[in-house]
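The values are calculated or read from the model by the stated rules, or taken from the named source; none is laboratory data. This one's a predicted model, so the numbers in the text were calculated from it and none came from an experiment. Neighbour counts run over all protein chains shown; Cβ positions are idealised from the backbone, glycine included. Note: areas computed on protein heavy atoms with side chains; ligands, DNA, RNA excluded. Shrake-Rupley method; radii C 1.70, N 1.55, O 1.52, S 1.80 Å.
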Amino acid sequence: MWDRSSVRRDVYPPIREALEEMSPGLDCCMYCGNHMADTVDHFVPKSRCALRTFYWPNLLLACSTCNSRFKGSKHRSDGLVGSLLIDPTRENPFDHLDLGLTSGIYRPVEGSPKGSWTIEVLGLNAGKRPRARSSAWLNLPDDLMGWADARSSGDLKGMKRKLYRMLNQPFADVCFAALHKAATEEAHQIFAEEDPQVLELLRDKELRAALQV
Ligand SMILES: [Zn+2]
């Protein structure tokens, strides 16, 4: 049914639009973070479980590379419980992946085979991705400070603008990784070299709520 022309015409576009709204960054692939994601992918492939073809939590926005090239290797052991890929609809990726903010490189959280497999299969550290993440990290403090300045002067528009920038930059995962790290016990060590205001803002309840953390 998924491939029927009526489904392609009437069902597929609203699903894609809803997923685009939910994706971090601008239409970013929910697997690799690449921008320009324009296909709806089934986390558990249709061939493995046809009953999940129209099951909302099984649908993710994906770039064409992730949707096709990795299809065979996404679910190494078996489609349902055996998947070794992180399922972003049910798991917090940061339980399995640790992003070095300065290096922009993902490493598996110790003892997480899912983390290693996801990095390998999706090529999270391939090409210029680490460099792009690293520059996203360099830009983040400016946006945080800008948001705080706008708040102290009661500039609601300015606050919104900064939030929009943080949420819609191509590598929005960097912002979420920083927010995650800021809430850990090691936060003071991790952000030791930054302006202390950066950690303070990453822990700011209003900001976290606005970013839906
Ligand atoms: Zn992708």
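Observations
- Candidates are the residues of the range 12-26 that are open to solvent by less than 50 Å² (accessible area, probe 1.4 Å) and in a loop (DSSP other than H, G, I, E, B); the one that is modelled with the lowest pLDDT is GLY25.
- Scanning the range 30-47 for residues that are within 9 Å of the ligand (Cβ to nearest atom), among the aliphatic types (A, V, I, L, M) and open to solvent by less than 20 Å² (accessible area, probe 1.4 Å) gives a single hit, ALA37.
- Matching residues, the range 105-155, being among the acidic types (Asp, Glu) and over 22 Å from TYR31 (Cβ atoms): GLU110, ASP142, ASP143, ASP149, ASP155
- Residue that is nearest to LEU138 (Cα to Cα) [pool: residues in the range 89-104 that are in a loop (DSSP other than H, G, I, E, B) and open to solvent by 50 Å² or more (accessible area, probe 1.4 Å)]: THR102
- Hits in the range 125-135 - residues which are open to solvent by 10 Å² or more (accessible area, probe 1.4 Å) and either touching a Phe, Trp or Tyr at 6+ places or on another chain (Cβ under 7 Å) or within 15 Å of the ligand (Cβ to nearest atom) (or both): ASN125, ALA126, GLY127, LYS128, ARG129, ALA132
- Count of residues meeting criterion [at pLDDT 75 or above, more than 13 Å from the ligand (Cβ to nearest atom) and not in a strand (DSSP E or B)] in the range 58-76: 1
- So VAL174, is it in the same structural domain as VAL109 (by TED's automatic domain parsing) and crowded, with 20+ Cβ neighbours inside 10 Å: yes
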